[in-house]
1. Of the candidates 126, 111, 60, which one comes out as most mobile in a Gaussian network treatment of the chain with C-alpha springs shorter than 10 Å?
2. Summing +1 for each Lys or Arg and -1 for each Asp or Glu, what net charge is found among the other residues whose Cβ lies under 14 Å from the Cβ of residue 71?
3. Give the span of the range 56-166's Cα atoms along each principal axis, as three whole-Å numbers ordered largest to smallest.
4. Too long at a 29 Å Cα-Cα cut-off: which of 161/191; 46/119; 20/191; 112/202; 17/122?
5. Through the Karplus equation 6.51 cos²θ - 1.76 cosθ + 1.60, θ set to phi - 60°, convert the phi angles of the range 91-103 into ³J(HN,Hα) values in whole Hz; use x for Gly and Pro.
6. Considering only the other residues whose Cβ falls under 10 Å of the Cβ of residue 61, what net charge follows from Lys and Arg at +1 and Asp and Glu at -1?
7. Give, as a single signed number, the net charge of other residues whose beta carbon lies under 12 Å from the beta carbon of residue 88, with Lys and Arg counted +1 and Asp and Glu -1.
8. Just read off the accessible area of residue 153 with the full protein assembly in place, 1.4 Å probe, to the nearest 10 Å².
Amino acid sequence: MEKTASKTKTKTLDKSKIQKAYMEHLLIHGKEPSSIFAFTKEQKIKEEDFYALYNSFDGLEQDVWDTWAKATVETLENDEAYVNYSVREKLLAFYFTWLEGLKSHRSYVLLKFRDLQDKDLKPAFLGKLHGTFSSFIDELLLEGKDTAEVAERPFSGQYKKAFWLHFLFITRFWIKDESSLFEQTDAAVEKSVHFAFDMIGKGPLDSFLELAKFLYQNKKPF
């Protein structure tokens, strides 16, 4: 009976282990495995066990990045001080936590962005992360409108798209940053986030829009 039990025992798989094995393969060989069959053979696991977690390497890679994004948000939400932050401070905290998490995966991140062109605004491997980040930004923008940190404008619906471009800018800046302890990235985060909220907050632009609206609604012949 014991012999039979040992034969039917299978290796326990979880997503974190399979993600780590995949990233290590990519870093060692410089490219993804030739097939799922080859990868599972290399890892000494059953092919069907892999498919129980992922349908493809693309799905696996999207899950890697999305896992990091969700872990970033979870870290923030578990911080008791976070709830009292302004919306501006919450976005700053997100970026600093996100980049801190990337440090332990820098080689993999560099490899994934190595051949990516700057004009590629939605890389396939960031597909799921894009959804998670968009939901996070949606919540910040709603809160910002409630606290008057974000002005309601005719083009307010474009804010989310702008923040996605900002996310890519920050991540790419960190990738190219060669300064000690990434202090240049820290400065870029602070300056760009403050600039972004100065732009979407109430200011001279809103006074101009209100004046233009008033003049249009009350236009009189001269």
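The values are calculated or read from the model by the stated rules, or taken from the named source; none is laboratory data. Because the structure is predicted, anything quoted here is derived from the model rather than measured. In this analysis, Cβ positions are derived from the backbone assuming ideal geometry, glycine residues included, and neighbour counts consider all displayed protein chains. In case anyone asks, the SASA skips ligands and DNA or RNA and just uses the protein heavy atoms, side chains included. Shrake-Rupley method; radii C 1.70, N 1.55, O 1.52, S 1.80 Å.
1. 111
2. With Lys, Arg at +1 and Asp, Glu at -1, the neighbours total -2.
3. For the range 56-166, the Cα extents along the three principal axes come out at 42, 35, 22 Å.
4. Exceeds cut-off: 46/119; 20/191; 112/202.
5. Whole-Hz 3J(HN,Hα) from phi for the range 91-103: 5, 4, 4, 4, 5, 5, 6, 4, 5, 4, x, 5, 4.
6. Residues close to residue 61 contribute a combined charge of -2.
7. Net charge around residue 88: -4.
8. Roughly 10 Å² of residue 153 is accessible to a 1.4 Å probe.
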